[in-house]
1. Calculate the spin-label point distance for ASP153 paired with ILE22, positioning each point 7 Å from the Cα along the beta-carbon direction, and give it in nanometres.
2. From Cα pairs below 8 angstrom and at least 6 apart in sequence, can you work out the relative contact order of the chain, rounded to a whole percent?
3. Based on alpha-carbon positions alone, could you give the equivalent ellipsoid semi-axes of the chain from the gyration tensor, as √(5λ), descending, whole Å?
4. How charged is the neighbourhood of ASN100? Take every other residue with its Cβ under 15 Å from the Cβ of ASN100, and add Lys/Arg as +1 and Asp/Glu as -1.
5. Just read off the accessible area of ARG166 with the full protein assembly in place, 1.4 Å probe, to the nearest 10 Å².
6. What 222 nm value per residue comes from the helices of the chain, counting each DSSP H run with n ≥ 4 as -39,500 (n - 2.57) and dividing by all residues, nearest 500 deg cm²/dmol?
7. Let me know the charge dipole size of the chain about its Cα centre in debye, to the nearest 20, where only the beta-carbon of Lys, Arg (+1) and Asp, Glu (-1) is charged.
8. Along the Cα→Cβ direction, 7 angstrom out, place labels at TYR64 and ASN128. What is the inter-label distance in nm?
Amino acid sequence: SAAYSNGPLSPSLPRGSSDSAISPKLLAEYEVAPGVTLFGQWAMGFRSPTANELYMTYGGVGTYLSIGNPDLQPETSNGFELGARFGDDDFGGSVSGFYNRYRNFIDTRAFTTAEALAAGYDPADYGNNVSGYQNVARAQISGIEFNVHKQFDSGINLRAGLAYTRGINLVTDRYL
């Protein structure tokens, strides 16, 4: 409609985006003792940018603005995981460490005042909180996870987990 076309966010029909990939995965497990299994895994990953990341611009005057990026490329990765599972359905848990390397990692970032103005938005209108999506050429995410579960005879099931994750932009050597 004319009201939509004349809206403040200047909508227009975006160009299309498509891609595909094969994502193989290889898992090896070894039961070292009853109830104790060691495992190692390698997987290739592929993630296309979402329609929101590509095209959606949203926010509100006085709050924030998020701007889509139709130039985003798909994200690819190679991931490795080593760990152990122990216990059974009544009581058990797992510990694992992982290391992933990415190409074209899709990340969000705050726009500078100059970037927001160049995109046609006055950052003062949005509380100086204008952000958008970008590809990081090379990135790494690694970490460790601990999980535990307990099933009681009463039917209550408790689960807990703890994780530490660290992401680094390998181009700038800064945290993601």
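The values are calculated or read from the model by the stated rules, or taken from the named source; none is laboratory data. Here the structure is a predicted model, which is why all the values come from computation and not from measurement. Every residue, glycine among them, receives a Cβ derived from its backbone with ideal geometry; neighbour counts consider all protein chains shown. Just so you know, the surface numbers come from the protein's heavy atoms only, side chains and all, with ligands and any DNA or RNA stripped out. Shrake-Rupley method; radii C 1.70, N 1.55, O 1.52, S 1.80 Å.
1. 5.3
2. 18
3. The three semi-axes for the chain are 42, 20, 16 Å.
4. +2
5. 100
6. -1500 deg cm²/dmol
7. Rounded to the nearest 20 debye, it is 340 debye.
8. 1.7
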